[in-house]
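Beneath this line is the structure, given in structure tokens, with notes to follow.
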Amino acid sequence: MTEEQLDKLRLDGTKVRVVRDALELNDVVGFVVAWDDENVLIRRPNRRVVKLKRSYAIVPASEPRPDVLTEN
């Protein structure tokens with residue numbers, strides 16, 4: 001995900017889903033807070049902040065969940 005896309009998600013306040021593996025249970029849902037070259041910070045609904053790798057799939061939560069097994 002590019003810097004511009006992350007900035008748009010942050011400014012719009014769009015809820016995102018970070019897909020880490022094939023299990024939907026392991027997804028992180030929240031709002032983009034900040035990022036650098038390698039990581040992104042997501043604020044979860046419980047107000048805790050999670051630091052995740054930018055290599056994970058980041059999609060708006062309103063869109064269907066991507067199937068990470070078939071895309072890789």
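Bear in mind that the values in this text are calculations on the coordinates, not laboratory data. Everything numeric here is computed off the predicted structure, so don't read it as measured data. Note that each Cβ is placed from the backbone with ideal geometry, even for glycine, and that neighbours are counted across all protein chains shown.
The distance separating the Cα centre of the range 36-53 from that of the range 1-23 comes to 10 Å.
For the range 21-72, the dipole from Cβ point charges (+1 on Lys and Arg, -1 on Asp and Glu) about the Cα centre works out to 420 debye, to the nearest 20. Along the range 49-60 the Karplus relation, 6.51 cos²θ - 1.76 cosθ + 1.60 evaluated at θ = phi - 60°, assigns HN-Hα couplings of 9, 10, 9, 10, 6, 6, 6, 5, 6, 10, 9, x Hz to successive residues, with x for each Gly and Pro. 3J(HN,Hα) couplings calculated from phi for the range 3-14 with the Karplus curve 6.51 cos²θ - 1.76 cosθ + 1.60 (θ = phi - 60°) are, in sequence order, 4, 5, 5, 5, 5, 5, 4, 5, 5, 7, x, 6 Hz; Gly and Pro show x.
Helices in the chain, meaning DSSP H runs of at least 4 residues, each add -39500 (n - 2.57). Divided by all residues, the mean residue ellipticity at 222 nm is -5000 deg cm²/dmol. The translational diffusion coefficient of the range 3-62, from Stokes-Einstein at 25 °C and 0.890 mPa s with a Kirkwood hydrodynamic radius over alpha carbon pairs, comes to 216 µm²/s. The calculated FRET efficiency for ASN46 paired with THR14, based on their beta-carbon distance and R0 = 25 Å, is about 0.85. Given their separation in residues at 0.36 nm each and the Cα-Cα distance between them, ARG54 and ASN39 gain 4.9 nm when the chain is fully extended.
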